[in-house]
Amino acid sequence: MHKRKKLSVIGAGFVGSTCAHWAAEKELGDVVLLDINEGSAKGKALDLFEASPIEGFDSKVTGTSDYKDTAGSDVVIVTAGLPRKPGMSRDDLLAKNATIVKKVCEGIKEYSPNAIVIIVSNPLDAMALVAKETLGFPRERVIGMAGVLDSARFRSFIAEETGVSVKDIQAFVLGGHGDTMVPMPRHCSIGGAPLEKFLSKEKIDALVDRTRKGGAEIVGLLQTGSAYYAPSASAVQMAEAILKDQHRILPCAAYLEGEYGVKDIFVGVLCRLGGKGLEAVVELDLNEEEQAGLDNSVNHVKELVTALQNLNY
Ligand code: APR
């Protein structure tokens with residue numbers, strides 16, 4: 001008999017519970033929602049499961065605070081950790097979330113040693129490194145969610161500005177998940193035609209700038225936390241590519257082993273995602289401006305990693 005896939009989501013807060021929502025509705029498999037707050041995980045999971053007859057999905061959704069219940073997961077999405085408040089950068093979360101992500105990954109390692117793990121907790125590029133070091137998994141099985149989200153923001157702004165369907169807009173963002181990210185308008189296309197056919201350079205620059213600050217824009221509006229609909233949809237798109245062995249090309253934070261001259265840290269690059277996780281990093285020829293942007297972003301990630309190494313988490 002065909003066995004259903006198992007997806008665990010760690011952290012049942014805004015991002016985690018919304019991940020469970022998208023994943024259950026897409027019938028990616030059975031979903032386990034884990035949180036240190038057991039009641040919250042159980043309550044949200046039960047509530048979501050009770051929506052299944054209405055929405056018509058056959059995914060079992062359960063909540064827990066015990067890693068035993070996540071045993072044998074095919075994919076685990078890690079969203080545990082504090083979100084940003086107004087005035088905070090993603091980097092301000094470093095110490096607190098490093099401790100949380102380490103603890104979470106110990107639980108994953110014990111019960112799902114073959115899982116592919118998608119990290120969402122911020123600051124993303126540093127948390128992905130904490131996860132990889134704790135899990136001891138090869139880079140194929142530890143991947144950070146950043147580029148899909150940043151690119152989705154860029155694509156939605158382009159759609160709004162041009163009046164074209166979001167479905168026809170291709171764009172991606174490289175680099176770290178922060179203000180130094182590198183949107184790539186030169187590689188952006190609308191229905192296959194270059195972006196500059198549709199928008200002036202000034203307009204494109206303005207959208208690039210809004211994309212870089214996209215997370216802060218939401219934090220500024222919400223005041224009490226950070227974005228969750230688009231982040232969770234992004235993580236679930238990555239999970240779907242893996243669970244359905246789709247071989248999709250998506251921008252993700254990958255542990256680089258020499259690509260773009262970078263080693264041993266997570267940076268956003270174009271990746272091929274499929275059943276084995278990270279199947280390949282697609283390396284592009286960058287022009288001078290793009291290379292300078294990437295170098296700047298990589299330096300920022302390195303600073304974050306140095307700050308991380310000086311912490312006792
Ligand atoms: N193990 C499991 N869950 C934990 C742990 C832990 N050690 N520590 C905290 N949590 C849970 C909290 O109980 C909470 O339910 O993580 C959840 C975080 O949820 P929210 O506070 O709603 O935060 P959210 O908006 O979901 O963001 C989570 O994702 O996008 C990133 O920057 C964001 O790092 C943040 C993370």
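The values are calculated or read from the model by the stated rules, or taken from the named source; none is laboratory data. Keep in mind the model is a prediction, meaning the values are calculated, not measured. Glycine also receives a Cβ, built like all others from the backbone with ideal geometry; neighbour counts cover every protein chain displayed. Keep in mind that these areas ignore ligands, DNA and RNA; they rest on the heavy atoms of the full protein, side chains included. Shrake-Rupley method; radii C 1.70, N 1.55, O 1.52, S 1.80 Å.
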Item checked: Among the candidates ASP58, ASP35, ASP74, ASP66, residue that is surrounded by fewer than 19 Cβ atoms within 10 Å (Cβ to Cβ), touching a residue at least 24 places away in the same chain (Cβ under 8 Å) and closer than 22 Å to LYS109 by Cα -> ASP66
Margin query: What pairs come out if I take residues in the stretch 89-113 that are without any contact (Cβ under 8 Å) to a residue 60 or more places away in the chain and open to solvent by 50 Å² or more (accessible area, probe 1.4 Å) and pair them with residues that are of a type outside the set (S, T, N, Q) and within 8 Å of the ligand (Cβ to nearest atom) whose C-beta lies under 6 Å away, six or more apart or interchain?
Written below: LYS96/LEU82; ILE100/ALA80; ILE100/GLY81
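Among the residues of the stretch 9-32, count how many are closer than 17 Å to CYS105 by Cα and either more than 11 Å from the ligand (Cβ to nearest atom) or without any contact (Cβ under 8 Å) to a residue 60 or more places away in the chain (or both).
So the first thing to find is which residues in the stretch 9-32 are closer than 17 Å to CYS105 by Cα, and the list is 9-12, 16, 32.
If we keep only those that are either more than 11 Å from the ligand (Cβ to nearest atom) or without any contact (Cβ under 8 Å) to a residue 60 or more places away in the chain (or both) as well, we get 12, 32.
Result for the stretch 9-32: 2.
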Next item on the list: Return the only residue of ILE218, ILE169 being crowded, with 16+ Cβ neighbours inside 10 Å, farther than 30 Å from LEU82 by Cα and aliphatic (A, V, I, L, M).
Entry: ILE169
Next item on the list: Could you please give the count of residues in the stretch 111-132 that are away from the ligand (no atom under 14 Å from the Cβ) and part of a helix (DSSP H, G or I)?
Entry: 2
Check: Quick one: PHE137 ticks every box in (1) part of a helix (DSSP H, G or I); (2) among the hydrophobic types (A, V, I, L, M, F, W, C); (3) open to solvent by less than 20 Å² (accessible area, probe 1.4 Å) bar one, so which box is it?
Finding: (1)
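Residues in the stretch 69-89: is at least one part of a helix (DSSP H, G or I) and more than 20 Å from ALA146 (Cβ to Cβ)? Talk me through it step by step, then tell me what you get.
Pass one, the stretch 69-89, residues part of a helix (DSSP H, G or I): 69-70.
Checking the rest, the ones that are also more than 20 Å from ALA146 (Cβ to Cβ) come to 69-70.
The answer is yes; a qualifying residue exists.
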Notebook entry, point to check: Which one of the conditions (1) of a type outside the set (Asp, Glu); (2) open to solvent by less than 70 Å² (accessible area, probe 1.4 Å); (3) at positive phi does GLN223 fail to meet, given that it meets all the rest?
Noted result: (2)
Next item on the list: Would you check which residues across the stretch 226-252 are open to solvent by 70 Å² or more (accessible area, probe 1.4 Å), out of contact with any Asp or Glu (no Cβ under 8 Å at 6 or more places or on another chain) and either away from the ligand (no atom under 15 Å from the Cβ) or among the β-branched types (Val, Ile, Thr) (or both) and list them?
Entry: LYS244, ASP245, ARG248, ILE249
